[in-house]
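One structure is given below, encoded as structure tokens.
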Amino acid sequence: MPRETFQHELDTLLSDVLDLGGEVEGTLENMVRAMEEHDAVLAEKELGVDMRYKARGAEIDEECMILQARQAPVARDLRLLYTVQAVTNHLVRSGTLAEHICHAITDTAGCERDEDLEAALIEMARTARRLFHEGLDIFRDRDIDRARDLQAADDKVDLLYSEAMNLIANPSDGNAGAPEWRMRAALTVHYLERIADHGVDIGGRTVFLVTGERIESAMQQYINRDLREE
Amino acid sequence: MGDVQPSPGDPEENRDPVDSEKKTREGNPTMRPVPETQNQDSKSAREDLGGMGMSVSDLNAYYGSFKAVTDVSMEIQANKVTALIGPSGCGKSTYIRCLNRMHEVISGAYAQGRVTLGEQDIYAKDADPVIIRRRVGMVFQKPNPFSKSIYDNVAWGAKINGFRGNMDELVERSLRQAALWDEVKDRLKESGFGLSGGQQQRLCIARTLAVEPEVILMDEPASALDPVSTQKIEDTMDDLKKSYTVVIVTHNMQQAARISDYTGFFYIENQGDPGQLWEFDETEKMFSNPERKETEDYVTGRFG
């Protein structure tokens with residue numbers, strides 16, 4: 001196949017992004033476990049990953065720029081480079097948010113908690129981790145049918161977000177938890193919602209990579225499809 | 001379709017213009033002098049310069065029994081640049097030469113189908129190929145100035161087409177449109193051969209413009225030029241399309257992406273088959289998300 005060197009460079013780039021995605025998934029995994037098990041030591045292991053992810057993200061970004069300058073990509077190659085840059089950004093930001101949450105876990109390790117709110121946080125964290133994993137899987141497999149389902153699954157996170165915010169605004173009597181923990185819980189709710197959004201966006205970017213259309217447009221076509229033909 | 005020769009405005013070889021003109025006056029049926037009424041028309045016909053669209057329907061092009069291009073239909077938009085890309089031997093140049101009846105100049109070559117220039121069917125029985133080629137000018141891959149001065153290179157085509165206006169103004173305007181004026185304005189009487197390759201090609205563009213065609217066909221006009229000369233020719237495109245319709249064959253896909261509004265991809269499905277127009281769309285679409293896999297494989301450099 002012509003352009004073997006270019007293809008090899010694209011393959012390497014893709015592999016680097018998926019490796020980074022795997023590492024961020026590892027951080028999310030530890031974050032969820034640390035929340036479930038009140039394991040501040042496990043959370044502490046993830047402190048500092050942000051710097052590493054940002055450095056990796058910058059390397060991938062630079063590689064994309066060099067490939068654009070040297071290889072003048074068009075069509076699917078250009079879409080791949082744009083998608084890689086966007087996905088990398090989602091990965092790095094998710095890693096940063098996960099580290100923020102790990103910080104909150106270590107900083108509030110001895111604090112009193114609101115059990116209802118904590119249960120809501122853990123469910124939201126599991127859901128965010130699942131959506132992130134799903135988004136990355138879709139990107140790896142170019143499975144755009146699942147991207148549509150993922151877009152719909154985002155509604156569940158929005159619902160959990162509303163529930164958690166409601167619990168923060170209206171604590172049950174005598175069970176509000178320590179003020180610092182409560183404040184961090186409010187931030188964590190927001191971070192988890194963002195992580196889930198990044199996962200969904202990775203799926204949406206995959207739709208653009210495969211079809212050249214934005215997910216909103218593809219979703220509209222999917223909604224408007226003629227069911228009698230299926 | 002009649003037996004035709006290249007028009008004076010579109011010389012493919014370095015013919016001596018004086019010699020050609022003499023032949024014309026001696027009665028070469030395909031290079032006859034333009035009638036007086038037409039001379040008067042040509043003085044003012046292009047005062048309100050604007051390109052003319054072309055419509056191609058079911059065009060087939062042959063070299064004897066060999067079918068080189070099959071079933072091409074294409075709307076060429078007025079005042080736009082249309083680029084034709086595709087692997088070597090897929091019929092791009094053959095096709096473009098059918099747009100001003102240059103294809104049939106080759107012995108045994110002919111075309112079938114319908115090509116209109118505005119309302120004019122260029123293959124109608126009463127259509128004069130010489131007039132068609134004046135209205136649809138052509139710039140070739142290799143610069144081919146006459147062995148005349150820079151000034152005469154530009155003026156000659158217009159002169160024998162009956163131009164009666166201010167020749168100095170026409171020469172200057174044509175050279176400016178071809179982005180060559182500043183480089184040659186002080187040596188208009190020097191030979192065209194003294195120019196660099198890039199300048200010679202722009203001189204040929206100026207020569208084509210001086211005849212005031214409505215459509216300009218360019219067959220790989222920058223393929224033999226250095227990047228600076230190529231850039232100068234590309235830079236003229238934006239200005240040219242204000243007054244002309246441009247169709248350009250290019251092997252440089254980035255050039256097509258840079259300068260054209262529409263792109264047609266020609267392709268041969270199986271070895272020995274005729275070339276066909278595989279995909280035709282807005283350039284933006286063709287280079288970001290083409291419909292057909294073969295187009296995407298070609299523009300991404302995966303074959304060809």
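Descriptive notes on the structure:
- What separates the Cα centres of the range B:232-304 and the range A:25-56 is a distance of 50 Å.
- The alpha-carbon of residue B:148 sits under 13 angstrom from the alpha-carbons of these aspartates and glutamates, leaving out residues fewer than 8 places away in its chain: B:16, B:19, B:190.
- For A:188, B:283, B:230, the sequence from fewest to most other C-beta atoms within 10 Å is B:230, B:283, A:188.
- Rounded to the nearest 20 debye, dipole of chain A from Cβ charges on Lys, Arg, Asp, Glu: 680 debye
- Per-residue 3J(HN,Hα) values for the range A:90-98, derived from phi via the Karplus relation 6.51 cos²θ - 1.76 cosθ + 1.60 with θ = phi - 60°, read 4, 5, 4, 5, 4, x, 4, 5, 4 Hz in sequence order (x marks Gly and Pro).
- Test item: B:282-289 mean partner chain Cβ contacts at 10 Å: 3
- Average other protein chain Cβ within 10 Å of Cβ, residues A:75-82: 5
- Under-5 Å amide H pairs with residue B:264, H placed in peptide plane, nonlocal only: B:83, B:84, B:85
- Computed over the range A:1-106: relative contact order in percent, which uses C-alpha pairs under 8 Å that are six or more apart: 44 percent
- Inter-chain Cβ neighbour average for residues B:292-303, partner chain, 10 Å: 4
- Neighbours of residue B:60 by Cβ distance under 9 Å: Lys/Arg scored +1, Asp/Glu scored -1, total -1.
- When both bridge partners sit in the protein assembly as shown, DSSP labels roughly 55% of those beta bridges antiparallel.
- Averaging the Cα positions of each part gives two centres, and for the range B:139-217 and the range A:103-141 these lie 73 Å apart.
- Reachable lysines from residue B:80, criterion Cα separation under 22 angstrom, eight or more residues apart if same chain: B:92, B:232, B:241, B:242, B:285
- Packing-based ranking, highest mean first, of B:156-166, B:179-189 given that Cβ atoms within 10 Å are counted: B:156-166, B:179-189
- Value of Rg to Rh for chain A (Rh from inverse mean 1/r over Cα pairs, i.e. Kirkwood): 1.05
- Difference of contour (0.36 nm per residue) and Cα-Cα distance, residue A:23 to residue A:54: 9.9 nm
- Alpha-carbon geometry of the range B:203-254: the Rg and the Dmax are 10.8, 30 Å, given in that order.
- Each residue in A:136, B:277, A:187, A:192 was given a count of other beta-carbon atoms within 10 angstrom of its own, and listing them fewest first yields A:187, B:277, A:136, A:192.
- Taken along the Cα-to-beta-carbon direction at a fixed 7 Å, the label points for residue A:86 and residue B:226 span 4.2 nm.
- Inverse of mean 1/r across different Cα pairs in the range B:62-163, Kirkwood, Å: 15.6 Å
- Sparse-neighbour loop sites [trypsin sites (Lys or Arg not before Pro); the range A:94-148; at most 15 other C-beta within 10 Å; DSSP]: A:142
- With the simple spin-label model, which puts each label point 7 Å out from Cα in the Cβ direction, the residue A:180 to residue B:77 separation comes to 6.4 nm.
- Protection proxy ranking, peptides B:140-149, A:36-45, average beta carbon neighbours within 10 Å, highest first: B:140-149, A:36-45
- Projecting label points 7 angstrom from Cα along Cα→Cβ for residue A:68 and residue A:165 puts them 3.4 nm apart.
We did not get these values from a lab; they are worked out from the coordinates using the rules stated. Computed from a prediction, not measured in an experiment: that's the story for all the values here. All Cβ positions, even for glycine, are placed from backbone atoms using ideal geometry, and neighbour counts span all protein chains on display.
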